[in-house]
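Visitor: Below you will find the structure I want to go over with you.
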Ligand code: PLP
């Protein structure tokens with residue numbers, strides 16, 4: 001019983017396996033590198049995947065959506081591509097290390113960083129707004145906490161950032177494919193320039209090794225790496241146009257083709273269908289555990305504005321020990337510890353052990369939820 005979908009979703013929709021397998025066996029030439037029909041075909045299929053993801057995110061200029069290896073690379077590209085020594089940036093105390101660590105590295109090079117506290121894991125828009133200054137160069141915030149499932153108000157943040165002309169970086173790792181994430185709507189809010197970073201392998205249901213970054217018009221990023229793009233090869237300078245500027249080197253074409261199939265499947269199935277199902281699974285876990293002696297639950301209660309993670313602790317148990325028992329004795333796969341988000345655990349008061357995190361996905365069932373709750377009740381007993 002796989003309840004670790006916040007780390008990576010499993011299984012994937014059937015068309016993902018079929019598309020990746022067929023492309024890998026018959027069409028996986030290097031896209032954009034040669035002019036033979038196979039390479040052109042690969043280029044077309046990659047472009048199609050980009051258009052599908054652009055449609056899901058309501059991105060009007062698909063070329064501004066660049067492929068990355070994962071969510072971490074998308075976030076690094078946004079942060080390191082924009083921020084310079086002496087700049088001021090604002091972030092939250094709920095961020096994943098994929099945001100925290102690049103920001104810390106940039107701080108060592110002279111970045112001035114304000115981290116807005118989130119006492120008890122709760123984000124307060126007022127403290128966030130207080131931290132923003134006229135010279136702030138970037139606001140970086142997660143959309144959904146990967147520890148508590150709390151949803152942060154990115155639309156309001158975009159409105160304020162737009163007013164002040166500050167770009168907004170959204171870490172959509174736990175929301176893309178699940179919650180409304182609309183690039184045009186965020187940009188429309190007083191002309192906010194946004195960066196949307198996401199893995200392809202979580203809620204978007206694509207293969208591991210995939211991710212994407214959307215870059216609003218008017219934002220110029222310094223590439224993380226320079227190299228071959230298959231375009232303007234006579235020049236030894238990096239091309240200026242997107243996506244090539246930010247996509248040097250051979251792409252993970254097999255993964256991207258799988259991701260394209262996943263996004264098409266999502267568009268057909270309907271994001272709201274997935275969210276409704278996952279909401280019910282989260283509610284089942286929460287309600288089942290709330291009545292269990294010794295259990296402490298973290299984060300907001302189930303509701304429409306929530307991600308698909310349920311973090312908890314059981315009195316007398318280290319999270320790692322409990323997760324091991326759940327895996328070995330009950331065949332439940334979940335994640336214990338800090339979930340790469342030490343700041344969030346500092347806010348919740350759950351350092352050093354962290355929590356046990358159950359993260360249901362679309363392919364989990366009510367019966368599995370009941371079995372997980374029974375297992376935890378049995379251990380508690
Ligand atoms: N941000 C959040 C909130 C996450 O939960 C994760 C992954 O767990 C990431 C960023 C990093 O994504 P990836 O593992 O694809 O690099």
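Read-outs throughout are calculated quantities, based only on the coordinates presented, and are distinct from any laboratory measurement. All values reported here derive from a predicted model rather than from experimental measurement. A quick note on method: Cβ atoms are made from the backbone with ideal geometry, for glycine too, and the neighbour counts reach across all protein chains shown.
Visitor: Run a plain Debye calculation on the range 39-153 (Cα atoms as equal point scatterers, no solvent) and give log10 I(q)/I(0) at q = 0.21, 0.22, 0.23 Å⁻¹, rounded to two decimals, same order as the q list.
Guide: Computed log10 I(q)/I(0) values: -1.18, -1.23, -1.27.
Visitor: Order these by the 10 Å Cβ neighbour count, fewest first: 44, 263, 151.
Guide: Working: 44 12, 263 27, 151 20.
The order, fewest Cβ neighbours first, is 44, 151, 263.
Visitor: Please report the relative contact order for the chain, taking Cα pairs under 8 Å with a sequence separation of at least 6, and give it as a percent rounded to a whole number. Provide the component values of the computation, followed by the final result.
Guide: Details: 802 pairs, mean separation 91.4, N = 381.
Answer for the chain is 24 percent.
Visitor: Still on this structure, please answer the following. Determine the shape class of the range 232-284: with a ≥ b ≥ c the square roots of the Cα gyration tensor eigenvalues, call it rounded for a/c under 1.5, and otherwise prolate if a/b is greater than b/c, oblate otherwise. Let's see the in-between values first.
Guide: On the way: a/c = 3.93, a/b = 3.34, b/c = 1.18.
Prolate, since a/c reaches 1.5 and a/b exceeds b/c.
Visitor: For the range 271-380, what is the convex hull volume of the alpha-carbon atoms per residue, in Å³? The partial results should precede the final answer.
Guide: Details: hull volume 11.0 nm³, N = 110.
Each residue corresponds to 100 Å³ of Cα convex hull volume.
Visitor: If you rank 202, 12 by fewest surrounding Cβ atoms within 10 Å, what's the result?
Guide: Values: 202 28, 12 23.
Ordered from fewest to most neighbouring Cβ atoms within 10 Å, 202, 12 come out as 12, 202.
Visitor: Right, another one. Counting only helical runs of four or more DSSP H residues, what would the 222 nm mean residue ellipticity of the chain come to if each run contributes -39,500 (n - 2.57) and the total is spread over all its residues? Each step should come with its number before you reach the end.
Guide: Working: 12 runs with 152 residues, N = 381.
So the helix-based figure for the chain works out to -12500 deg cm²/dmol.
Visitor: Calculate the spin-label point distance for residue 124 paired with residue 17, positioning each point 7 Å from the Cα along the beta-carbon direction, and give it in nanometres.
Guide: 5.0 nm
Visitor: Can you tell me what percent of all Cα-Cα pairs in the chain are more than 31 Å apart? Could you put the intermediate results ahead of the total?
Guide: Numbers: 26728 of 72390 pairs.
In whole percent, the long-distance tail amounts to 37.
Visitor: Sticking with this structure for a sec: Please arrange 322, 83 by counting, for each residue, the other beta carbons lying within 10 Å of its beta carbon, fewest first. Intermediate results must be reported in sequence, preceding the final value.
Guide: Values: 322 22, 83 25.
Going from least to most buried by this count: 322, 83.
Visitor: Checking the a/c ratio against 1.5 first, then a/b against b/c, what shape does the Cα gyration tensor give for the range 1-97?
Guide: Values: a/c = 2.44, a/b = 1.41, b/c = 1.73.
Oblate, because a/c is 1.5 or more while a/b does not exceed b/c.
Visitor: Still on this structure, I have one more. What is the distance in Å between the Cα centres of the range 26-80 and the range 152-186?
Guide: Between the Cα centres of the range 26-80 and the range 152-186 lies a distance of 22 Å.
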